[in-house]
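As structure tokens, the structure follows; a few thoughts come after it.
The values are calculated or read from the model by the stated rules, or taken from the named source; none is laboratory data. Keep in mind that what you see is a predicted model, and the values were worked out from it rather than measured. Here the Cβ positions follow ideal geometry from the backbone for every residue, glycine too, while neighbour counts run over all protein chains shown.
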Amino acid sequence: MRGRFITFEGGEGTGKSTHATLLAERLKSAGIGVMLTREPGGSPGAEVIRHVLLSGVAKPLGVEAEALLFAAARGDHVRNTIEPALAQGAWVVCDRFIDSTRVYQGTLGRLDPLFIRALERVTVGDLKPDLTFILDVPAEVGLARAHKRRGSRVTDRFEAESLAFHEALREAYRQLGTAEPDRCVAIDATEAKPVVAEWIWRTVVERLDPARISSLPAGAVS
């Protein structure tokens, strides 16, 4: 049986990495094989491109070049990490996926949606998440969290953008969630971490029924 694919989206400092990890751990405790991964990155080739993108050295090349680099990283990630794990019956939990490109380079970068879709056809084909959580916090809250998390490290390419950029980013994600309610679930991530984690888990149970998978006989998931 093919695995399930769950992604986490949202602006900077919304808790995507934290809650992706918590969900992966809970799925494992329920007896489900899990691959926890991230974008950009998640495979050897994609991790190299991640460094280029987040360092900001590609920014002067323009939004089209950044989108192409994200697409190259995603293609490697899908081929070498996501698809093999799904084919083996694992549930893949990913911190960011195609929606990040749609929002950052598409909506905010004003790239033609046809260009974005063309990149998706090449890199992911028919693959799409079964469920996407959009974690939502006010932009200033997310930036404060990101600053605290970063400590003395250099601000990355996207954290360094203006507050207005991050406010527009939040609105773009809200619009995305409204446009695809069957796949996307918005979560108020200003609540305490255990509360948010429980909302996420309940949604997974209601929509994807992990108990059914974990109750299958050994060898039934492959």
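Miscellaneous remarks
- Condition met for ALA164 (exposed (fewer than 14 other Cβ atoms within 10 Å of the Cβ), farther than 15 Å from GLY13 by Cα, at pLDDT below 85 and of a type in the set (A, V, I, L, M)): no
- Residue within the range 143-155 that is buried (at least 16 other Cβ atoms within 10 Å of the Cβ) and more than 17 Å from the chain's Cα centre (by Cα) present: yes
- Scanning the range 87-121 for residues that are within 16 Å of ARG38 (Cβ to Cβ) and of a type in the set (A, V, I, L, M, F, W, C) yields ALA90, TRP91, VAL92, VAL93, CYS94, PHE97, ILE98.
- Residue, nearest to the chain's Cα centre (by Cα), within the range 88-110, restricted to residues that are crowded, with 20+ Cβ neighbours inside 10 Å and assigned to a loop (DSSP other than H, G, I, E, B): ARG96
- For ALA85, the criteria (1) modelled with pLDDT of 95 or more; (2) in contact with a helix residue (DSSP H, G or I) (Cβ under 9 Å, 6 or more places away or on another chain); (3) part of a helix (DSSP H, G or I); (4) small (Gly, Ala, Ser) hold in every case but one, which is (2).
- Contacts under 6 angstrom Cβ, first residue in the range 91-117 being aromatic (Phe, Trp, Tyr) and modelled with pLDDT of 95 or more, partner crowded, with 22+ Cβ neighbours inside 10 Å and in a strand (DSSP E or B), 6 or more apart: PHE97/THR7
Condition check ((1) surrounded by fewer than 22 Cβ atoms within 10 Å (Cβ to Cβ); (2) of a type in the set (D, E, K, R)) across all residues:
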position	(1), (2)
MET1	yes, no
ARG4	no, yes
THR7	no, no
GLY10	no, no
GLY13	no, no
ALA30	yes, no
ALA46	no, no
LEU54	yes, no
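Rundown of residues vs (1) of a type outside the set (A, V, I, L, M); (2) under 14 Å from the mean Cα position of the chain (by Cα); (3) closer than 27 Å to ARG170 by Cα, yes/no style:
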site	(1), (2), (3)
HIS19	yes, yes, yes
GLU25	yes, no, no
LEU36	no, yes, yes
LEU53	no, no, yes
VAL57	no, no, yes
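- Filtering the range 62-90 to residues that are more than 20 Å from VAL103 (Cβ to Cβ) and out of contact with any strand residue (DSSP E or B) (no Cβ under 7 Å at 6 or more places or on another chain) leaves ASP76, ARG79, ASN80, GLU83, PRO84, ALA87, GLN88, GLY89.
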